[in-house]
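> Pasting a structure below so you can have a look.
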Amino acid sequence: MKSSTRTLILGALAVLVTLSVAYLAVTGYLESLPNLEYAMAEPAVESTTYPEVSFAVMSDLHYYDTSLGTSGEAFEEVLGSDRKLLQETADLLDLAIDDVLASGADFVLVPGDLTKDGEVVNHDAVSAALARLVEAGVEVYVVPGNHDANNPEAFEFSGAEKIPVPAVSQEEFAEVYRDFGYGEALMRDETSLSYVAEPVDGLWILALDSTRSDENEPGGEEVTGGAFTQAQVDWIEEVLQDARAEGATVIGMMHHGVVEHWDGQAKLHPEYLVEDYPWVGELLASYGVRVVFTGHYHAQDIALADYGDSGFLYDIETGSLATAPCPIRYCELSGDELAVRSETIVDRLKPGTDFGEEARAFVLATIASEAYDVSRGYNVAEDQSRYIADHVAPAFVAHYEGDEDLSAKPAIDNSKLNLWGRFIWSQQRYVADGLWADPEPADNDVVLPLTE
């Protein structure tokens with residue numbers, strides 16, 4: 001056997017072993033027990049009846065005040081490595097607020113990432129914008145996302161320079177959003193930014209801080225993943241026990257996902273799911289929580305987890321207001337069901353222009369660029385890396401939009417790939433296959449039964 005062929009085979013085997021071990025570790029086969037202690041509740045005998053109320057959900061605003069800079073090499077680098085419409089976030093938020101005010105919603109949920117990277121100027125602007133809703137009688141409830149507090153990546157941009165600017169601390173976050181959940185909370189967790197609110201009699205919002213912002217270090221990288229400490233889990237259990245004792249119904253809100261949204265998400269992107277998510281989800285479900293609103297992944301997706309005797313849970317993930325198609329969810333809660341309707345506003349931002357189409361193309365291009373870099377990192381030829389990227393990117397775009405149409409999935413021609421390209425694609429194709437698959441329920445417009 002030629003040495004070059006032997007090297008290729010050994011390299012392929014090494015990559016395969018590495019990927020397999022990572023997969024086993026992430027999916028729990030190497031560590032099947034949770035890191036924390038969870039006490040599941042005994043199933044309730046009585047059925048839950050929800051009060052009649054309507055509300056909106058908008059997530060991942062990623063507000064960016066353009067006074068921080070909109071030109072130069074440093075800012076262009078940020079735009080090129082992301083898919084957010086940073087320069088339009090103020091206009092998008094104003095348009096979303098107008099839409100909510102016209103909808104007649106009673107309150108609004110915002111599951112985190114209110115700002116680009118926790119900058120004080122951005123938080124102040126978001127607070128001022130959301131005040132329009134409160135002044136009109138529409139309550140707003142927020143929780144932090146990984147970008148929002150104690151963030152080491154708060155910068156302004158000047159030419160080729162990134163210049164640090166003040167970012168809010170965790171304590172300051174609660175103060176900035178005093179009028180948006182924290183000031184009138186029924187209960188507050190002393191160890192985090194979690195709280196409980198009661199927008200209408202008998203309905204509790206369990207607003208959970210799933211971030212790890214206390215781990216951020218100045219000059220370091222932002223911690224993207226989410227987790228609860230044992231103290232937080234104990235507090236959550238106390239809240240759920242109190243709710244059961246008082247006969248209140250509970251819906252949850254947190255930034256990180258609590259149910260896997262596509263088969264393979266925990267393998268590729270574990271940082272978008274809260275640590276120990278199977279047990280966190282079962283804990284909530286065991287106390288009768290049937291719905292948790294999440295964000296973080298920038299996708300429109302509703303995932304259902306069935307925990308057997310412990311019950312079931314819908315994770316209703318809402319896409320980013322700063323990323324095309326810029327969705328808002330409208331929810332009607334009544335009796336034993338939740339009706340969900342979704343609106344997208346990117347095409348309404350600049351009427352008479354092709355802005356919406358260009359924004360969607362921007363998302364596709366940035367994802368394709370990232371997928372290309374992954375393949376090139378495994379030494380796949382440039383043309384073949386682009387070919388693979390052109391099949392991965394549409395899958396993410398479809399997932400962002402929700403209600404993926406499997407018939408639109410592009411078929412890949414393996415003859416266009418050499419042996420090494422086919423091998424790397426065989427390790428990556430689970431991403432495209434998982435994203436295109438879309439099990440029930442529907443993602444955008446659906447009526448969800450909450451009792452069975």
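> With a sphere of radius 11 Å drawn around the Cβ of Glu221, what net charge do the other residues whose Cβ falls strictly inside it have (Lys, Arg +1; Asp, Glu -1)?
Details: positive: none; negative: Glu153, Glu215, Glu217, Glu222.
Counting the neighbours of Glu221, the net charge comes to -4.
> Also, quick follow-up: Heavy atoms of the protein only, probe of 1.4 Å, neighbouring chains included. What is the accessible area of Phe157 in Å², nearest 10?
20
> So if R0 is 22 Å, what FRET efficiency would Ala160 and Gln427 give, r being the distance between their Cβ atoms, rounded to the nearest 0.05? Provide the component values of the computation, followed by the final result.
Details: r = 37 Å, r/R0 = 1.67.
The formula returns an efficiency of 0.05 here.
> For a quick check of understanding: with a 1.4 angstrom probe and all protein chains in place, what accessible area in square angstrom does Leu33 have, to the nearest ten?
Near enough 120 Å² of accessible area.
> Still on this model: Defining a contact as two alpha carbons under 8 Å apart and six or more residues distant in sequence, what relative contact order in percent does the chain show? Please list the in-between numbers first.
Values: 935 pairs, mean separation 78.9, N = 452.
Computed value for the chain: 17 percent relative contact order.
> Let me check something: with ligands and nucleic acids excluded, how do Ser286, Ser103 order by accessible area (1.4 Å probe), largest to smallest?
Working: Ser286 5, Ser103 50 Å².
Final ranking, largest accessible area leading: Ser103, Ser286.
> Mind checking which lysines have their C-alpha under 28 Å from Lys116, skipping anything on the same chain fewer than 8 residues away?
Straight-line reach from Lys116, under 28 Å: Lys84, Lys162, Lys267, Lys350.
> Got a sec? What order do Phe180, Phe362, Phe312 fall in by accessible area at 1.4 Å, biggest, i.e. largest, first?
Numbers: Phe180 5, Phe362 60, Phe312 25 Å².
Result of the area sort, largest leading: Phe362, Phe312, Phe180.
> For Thr211, Thr229, what's the largest-to-smallest order of accessible area, 1.4 Å probe?
On the way: Thr211 15, Thr229 70 Å².
So the residues, ranked largest to smallest area, are Thr229, Thr211.
> Between beta-carbons, use under 13 Å as the cut-off and find the net charge around Leu268, counting Lys and Arg +1, Asp and Glu -1. Each step should come with its number before you reach the end.
Numbers: positive: Lys267, Arg429; negative: Glu260, Asp263, Glu271, Glu370, Asp433.
Neighbourhood net charge equals -3.
> Still on this structure, I have one more. With P(r) over Cα pairs in 20 Å bins from 0, in percent as the read-out, I listed (i) 20, 45, 28, 7, 0; (ii) 28, 58, 14, 0; (iii) 24, 57, 18, 1; which label goes with the value calculated from this structure?
Checking each listed value against the structure points to (iii).
> Along the charge dipole of the range 111-212, which of Pro152, Pro199, Ala131 sits closest to the positive end, that is, farthest toward it, with unit charges on the beta carbon of Lys, Arg, Asp and Glu (+1, +1, -1, -1)?
With unit charges placed on the Cβ atoms, the residue in question is Pro152.
> Please calculate the 1.4 Å probe accessible area of Asp309, with all protein chains present, and give it to the nearest 10 Å².
140
> If I stretch the segment between Thr191 and Thr224 completely, what's the gain in nm (0.36 nm per residue apart, minus their alpha carbon distance), one decimal? Mind showing how you got there, number by number?
Details: separation 33, 0.36 × 33 = 11.88 nm, distance 1.92 nm.
Stretched out fully, the Thr191 to Thr224 stretch lengthens by 10.0 nm.
> To check you understand DSSP bridge types, tell me what percent of the beta bridges within the chain (both residues inside) are antiparallel, rounded to 5. Could you put the intermediate results ahead of the total?
Details: 36 of 58 bridges.
Looking only at bridges with both residues in the chain, the antiparallel portion is about 60 percent.
> Once the other residues with Cβ under 9 Å from the Cβ of Gly145 are scored (Lys, Arg +1; Asp, Glu -1), what is the net sum? Let's see the in-between values first.
On the way: positive: none; negative: Asp60, Asp113, Asp148.
Within the 9 Å Cβ shell, the charges total -3.
> Expressed in nm to one decimal, what extension gain is obtained for the pair Leu304 and Val447 from 0.36 nm per residue of sequence separation less their Cα-Cα distance? It would help to have the intermediate numbers written out before the result.
Numbers: separation 143, 0.36 × 143 = 51.48 nm, distance 1.31 nm.
Stretched fully, the Leu304-Val447 segment lengthens by 50.2 nm.
> Could you check the spin-label model distance between Asn35 and Ala231? Points 7 Å from the Cα along Cα→Cβ, value in nm.
With each label placed 7 Å out from Cα toward Cβ, I get 1.6 nm.
> Next question, about the same structure. For a quick protection proxy, order the peptides 415-421, 181-187, 275-281 by their average other-Cβ count within 10 Å, most packed first. Walk me through the numbers before you get to the answer.
Numbers: 415-421: 14.4, 181-187: 16.7, 275-281: 22.0.
Sorting 415-421, 181-187, 275-281 by mean packing, highest first, produces 275-281, 181-187, 415-421.
> Related question: Around Val291, which amide H atoms from residues at least 5 apart in sequence, or from another chain, sit under 5 Å from its own amide H, with H modelled in the peptide plane?
Amide H neighbours of Val291, under 5 Å, 5+ apart: Gly252, Tyr314.
The values are calculated or read from the model by the stated rules, or taken from the named source; none is laboratory data. Please read these numbers as outputs of a predicted model, since none were measured by experiment. Glycine gets a Cβ as well: all are built from the backbone with ideal geometry, and neighbour counts include every protein chain shown. When the accessible area is computed, the model is the full protein with side chains, heavy atoms only, and any ligands, DNA or RNA have been set aside. Shrake-Rupley method; radii C 1.70, N 1.55, O 1.52, S 1.80 Å.
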